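Accompanying notes for the structure given below.
Taken together, the values in this text are just the output of simple stated rules run on the coordinates, not laboratory data. Keep in mind that this is a model prediction, so the values were computed, not measured. So basically every Cβ, Gly included, is an ideal-geometry build from the backbone, and we count neighbours across all protein chains shown.
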Amino acid sequence: MGTGLGESMRAVGRPLRAVFVLLPLLAACAPSPDNAVPDGALPQAMQGNSSSAERRLAITHRYTLRVPSAETEAIQQKHMAECAKLGCSILSTSIDRSNEGRINARASVRIKPESFDAFAAVLTAPPAQVTMHAQSVEDIAVPILDAERRLDAKIVLRDRLSGMLRDQTVKTAADLITIEKELAQAQSDIEAITAQRDALRTRTDTIRVEISYVGAASLVGGADFTPIYQAIRTINQTAVNSVSWLISLVAAIVPWLPVIALVWWAVRLGMRRWKSRRLSG
């Protein structure tokens, strides 16, 4: 009787022990109330991550200025001098005098954002008149991030190759040559990617300003006499071109004058003999 009761107690105790063993595991798998994510919190967290992404904006301003044609070059030089005082970088300048009576010019600069307003005030000051102002923005955060990731990977590769080269383990000459070649290539890639990243950062750290100067013709009594002036210039140029063509023709004929004279003399001599024979016959 006692034996049967003991076996019954042991049979009941086995499932209880199994439950006690599984309880800690179930408790560990169950979500903690403190760490539970409330309804609607996950979308907010995702929005927070997307909004915290850094934006790198490349800003470009384009100005078209109407200026007195005779003062175009002087105004451009003044603007570039003020730009240099504000610490900007002058990328390019040009002067176009091909259109008679109207001188046009162009300039391209990069300037720090904190100095842009002062430079814009200089550009729009009289006698310049702003006929067009446009602004464009480009987000280049992705190319910068890509360049930084590639740079980090190349730096890790370079460090590993340098460690392999410093390793005292016996290597063959072919292994050393291969490691040194890969190390040189990695260093070259690092320099190229660094230059690319710095160029991209320059686009975001400064503002590019493109300036077009359109020279306005001087008016006499409210009328623009530039077309008449251009027509007169065209007549004069045509006369000059005609004289030049005549001089070239004479220069080309002069060396042949002795030959032409000899041929003419021979023809006349032949004609005289032919006439004398005809008369005598």
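Observations on the structure shown:
- Yes/no for Ala128 being of a type outside the set (S, T, N, Q), under 30 Å from Gln76 (Cβ atoms) and surrounded by 14 or more Cβ atoms within 10 Å (Cβ to Cβ): yes
- Scanning region 105-163 for residues that are part of a loop (DSSP other than H, G, I, E, B) and among the acidic types (Asp, Glu) yields a count of 0.
- Cross-chain or 6+ apart pairs with Cβ under 6 Å, region 186-213 first and over 14 Å from Arg149 (Cα atoms), then of a type in the set (S, T, N, Q) and crowded, with 19+ Cβ neighbours inside 10 Å: Tyr213/Thr72; Tyr213/Gln76
- If you go through region 67-93 and keep only what is over 20 Å from Val214 (Cβ atoms) and among the basic types (Lys, Arg), you end up with just Lys85.
- Within region 198-212, being over 12 Å from the mean Cα position of the chain (by Cα) and among the polar types (S, T, N, Q) holds for Thr204, Thr206, Ser212.
- Test for Arg102: is it touching a residue at least 60 places away in the same chain (Cβ under 8 Å), surrounded by 15 or more Cβ atoms within 10 Å (Cβ to Cβ), in a loop (DSSP other than H, G, I, E, B) and not polar (S, T, N, Q): yes
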